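Below is one structure, written out as structure tokens; comments come after it.
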Amino acid sequence: MDAPHLYCKFLDELHWRLDNIAPFVLSLPATGNTYGINRDLLLRIYDTWRNAYNWREREKFLNQYPQFMIRVQGLLIHYLHVKPEQPEQPEDEYLEDWTLPVYPILLLHGWPGSIREFYEMIPELTSNKNKRVLLEVIAPSLPGFGFSEPPSRPGLDALNMAVLFKNFMNRLGFEEFYVHGGRLGRNYRPIDGHPLSELRNRDAL
């Protein structure tokens, strides 16, 4: 897919909505956020979103990695796919096919959260400096997060989510892969120790 882009009409509509909201209700004095978000704090947040937040700069940052969409089990899943580059062949190596092995790793974010959690981590994972093996990063947005479609019916529990992402990786051509899950994401790991291992334990590296 093309890199996600916030069209001007969407930003114009957002600004129009922010410009036409109802007046904020005064908060009780000296109560902080005890009875809900404080009006002064809300005004600062509002001002940031309306006047200070640089949407295009953030869009450029989020689009620094290749992004794709794929349909798995009826759901359209958005994901990052970052491949490492092979290092230059050392001078003391004379094999014609000298390359480092590449292993895929599936990164599953938490809740609340998004694939944004991995942006600083990805360069470290895909770096080819002083490595004996290389990692190929696949980081999907969980269903209902980011640009991924939400499920249309109940039942997408931890086991079914693990099956979904196992099928997701299979669709991308990976039968075996490493996996990392954060908070909610760790419940969906299709690896040993998870109920999915009963279905196909050999998928776990």
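The values are calculated or read from the model by the stated rules, or taken from the named source; none is laboratory data. Source: prediction; values computed, not measured. Don't worry about glycine lacking a Cβ; one is built from the backbone with ideal geometry, like all the others, and counts go over all protein chains shown. Heavy atoms of the whole protein, side chains included, go into the accessibility calculation; ligands, DNA and RNA do not. Shrake-Rupley method; radii C 1.70, N 1.55, O 1.52, S 1.80 Å.
How many residues, within the stretch 149-179, are outside any helix (DSSP H, G or I), closer than 15 Å to ALA139 by Cα and in contact with an Asp or Glu (Cβ under 8 Å, 6 or more places away or on another chain)?
The number of residues fulfilling the criteria is 1.
Just checking, which of LEU142, LEU156 is surrounded by 14 or more Cβ atoms within 10 Å (Cβ to Cβ), out of contact with any Lys or Arg (no Cβ under 6 Å at 6 or more places or on another chain) and without any contact (Cβ under 8 Å) to a residue 24 or more places away in the chain?
Working: LEU142 fails: without any contact (Cβ under 8 Å) to a residue 24 or more places away in the chain.
Only one candidate qualifies: LEU156.
For the stretch 120-133, enumerate the residues that are modelled with pLDDT of 90 or more and farther than 25 Å from ILE77 by Cα. Outline the logic, then answer.
Initially, the stretch 120-133 is screened for residues modelled with pLDDT of 90 or more, giving 120-127, 133.
Within the stretch 120-133, SER127, VAL133 qualify.
Residue pairs, Cβ under 6 Å, 6 or more apart or interchain, first in the stretch 122-138 and more than 21 Å from HIS109 (Cβ to Cβ), second among the hydrophobic types (A, V, I, L, M, F, W, C) and open to solvent by 30 Å² or more (accessible area, probe 1.4 Å). List them.
LEU134/VAL102
Can you tell me how many residues within the stretch 106-121 are without any contact (Cβ under 8 Å) to a residue 40 or more places away in the chain and open to solvent by 30 Å² or more (accessible area, probe 1.4 Å)?
In the first step, residues of the stretch 106-121 are kept if they are without any contact (Cβ under 8 Å) to a residue 40 or more places away in the chain; the result is 112, 114-115, 118, 120-121.
Now drop any that are not open to solvent by 30 Å² or more (accessible area, probe 1.4 Å), which leaves 112, 114, 120-121.
Of the residues in the stretch 106-121, 4 are without any contact (Cβ under 8 Å) to a residue 40 or more places away in the chain and open to solvent by 30 Å² or more (accessible area, probe 1.4 Å).
Residue under question is ALA139, and the condition is that it be modelled with pLDDT of 95 or more and not aromatic (Phe, Trp, Tyr); does it hold? Even if it seems obvious, please write down each step before you answer.
Working: modelled with pLDDT of 95 or more: yes; not aromatic (Phe, Trp, Tyr): yes.
Judged against the criteria, ALA139 is a match.
For the stretch 137-175, give me the residue count where each residue is touching a Phe, Trp or Tyr at 6+ places or on another chain (Cβ under 7 Å) and either at positive phi or not aliphatic (A, V, I, L, M) (or both).
Initially, the stretch 137-175 is screened for residues touching a Phe, Trp or Tyr at 6+ places or on another chain (Cβ under 7 Å), giving 138-141, 158, 161-162, 165, 169.
The next check asks that each one be either at positive phi or not aliphatic (A, V, I, L, M) (or both); those that pass are 140-141, 165.
Total meeting the criteria: 3.
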